[in-house]
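Every read-out reported here was derived from the displayed coordinates using simple, explicitly stated rules and does not represent laboratory data. What you see is a predicted model; the values in this text were computed from it and never measured. With ideal geometry, Cβ positions are generated from the backbone for all residues, glycine too; neighbour counts draw on all protein chains shown.
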Amino acid sequence: MLKVIVKNAETLDRFLKKYFKDQKYSNLIIPMKYGILTGGKKIRSTIILNTAKIFNLKLNKIINICGAVECVHSYSLIHDDLPCMDNDKLRRGKPATHIKFGESTAILAGNSLLTLAFEMIAEKKYNIKPNVKLLLLKKLAECAGHTGIAGGQFLDLSYEKRKINNLKIINMQKKKTGKLFKFCCLAPAIIAEESNKVKNEMSFIGEEIGFLFQITDDLLDIKGNKKNIGKPVNKDRKKGKSTLINLLGYNKTLEFAFRRKKMLINRLKKYGKKSNELIETLNFILERTY
């Protein structure tokens, strides 16, 4: 793994641990921490931190956004693993939250992480302009709800064991995974109060990076290693999941992904050296083995 990704994950884990320490105690704190602090690359936070460098933003302006995004992502994983969803027993090489704590607790812990994300952005100590906070809250809600992660998961389940065309699959995967990555690139541009043109470009770049992340997940499900990935492989085929691989085959899907990566790198290069780390992370996303 890239050193910068490891370093960013450590930075975020320190922030999250302190944030949980300052929370009022409840019986859900332990399963919430289990869901968000038990491993994980924190790749979405790295995308935020990488993008923030393009706009010369300091850590204190974006760390709450990083925490909020990881809360939303962890909530989605906890719920995705449930028996009524993807019914996965392992996550990051350890028992899924519902296996460790029970289904009802896992649902409530996931719900609590989702709401905690908005608390992190709204809190008084996070010192950015009120109008900027409101826009961030709105955009994160759009990426997490029925037009984003939740809607994508609904389509993913609905498309199982059905013949679905490539446009619908791409739309589903961009909702399920791409939308939150979209927010990761958009948020720093919002905080920096960039033009609508820049915000739109960052939105496009982020969504495409997320789409590539999902494609890589699908590729790893076929040729990945269970030990490296931390969960069973070949489960998409067994469940009849609709993926681009089903339509294009493994090699053509890989070629499709590399073409899109090249397009994104060309777009990012215009930002000069400031985009180097984001380009490195993009390369890692497509070349990773876990």
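Placing +1 at every Lys and Arg Cβ and -1 at every Asp and Glu Cβ, with all other atoms neutral, what dipole size does the chain have around its Cα centre, in debye to the nearest 20? Don't jump to the answer; show the numbers that get you there.
Numbers: 56 positive and 27 negative charges, 108 e Å.
Using Cβ point charges on Lys, Arg, Asp and Glu, the chain gives about 520 debye.
Which of rounded, prolate, oblate describes region 1-143, given a ≥ b ≥ c as roots of the alpha-carbon gyration tensor eigenvalues and a/c under 1.5 marking rounded, otherwise prolate only if a/b is larger than b/c? Provide the component values of the computation, followed by the final result.
Values: a/c = 1.86, a/b = 1.47, b/c = 1.27.
Prolate is the answer for region 1-143, as a/c is 1.5 or above and a/b outweighs b/c.
Using the alpha carbon gyration tensor of region 63-102, what are the three equivalent-ellipsoid semi-axes (square root of 5 times each eigenvalue), largest first, in whole Å? Could the numbers behind the result be given before it?
Working: eigenvalues 93, 22, 12 Å².
Sorted largest first and rounded, they come to 22, 10, 8 Å.
In region 3-287, if the dipole is taken from +1 on Lys/Arg beta carbons and -1 on Asp/Glu beta carbons about the Cα centre, which of Phe213, Ile107, Ser158 is farthest to the positive end?
Value computed over the given set: Phe213.
Filter the chain for me: DSSP H helices, axial length by Cα at least 30 angstrom, mean Kyte-Doolittle hydropathy not below -0.5. List them by residue number. It would help to have the intermediate numbers written out before the result.
On the way: long enough: 59-80 (31 Å, 0.60); 196-223 (40 Å, -0.06).
Flagged H segments are 59-80, 196-223.
Could the peptides 100-107, 61-68, 32-39 be put in order, highest first, of the mean number of other beta-carbon atoms found within 10 Å of their residues?
Working: 100-107: 15.9, 61-68: 23.9, 32-39: 19.9.
So the peptides 100-107, 61-68, 32-39, ranked by packing, come out 61-68, 32-39, 100-107.
What ranking of Phe211, Phe258 emerges when the number of other C-beta atoms within 10 Å of each C-beta is taken as an exposure proxy, fewest first?
Phe258, Phe211
In straight Cα distance, which aspartates and glutamates are under 14 Å from Lys252, not counting same-chain residues fewer than 8 positions off?
Correct list for Lys252: Asp218.
Can you bin the chain into rounded, prolate or oblate? Criterion: square roots of the alpha carbon gyration tensor eigenvalues sorted a ≥ b ≥ c, rounded for a/c under 1.5, prolate for a/b above b/c, oblate for the rest. Spell out each step's value before the answer.
Values: a/c = 1.59, a/b = 1.08, b/c = 1.46.
Oblate is the answer for the chain, as a/c is 1.5 or above yet b/c matches or exceeds a/b.
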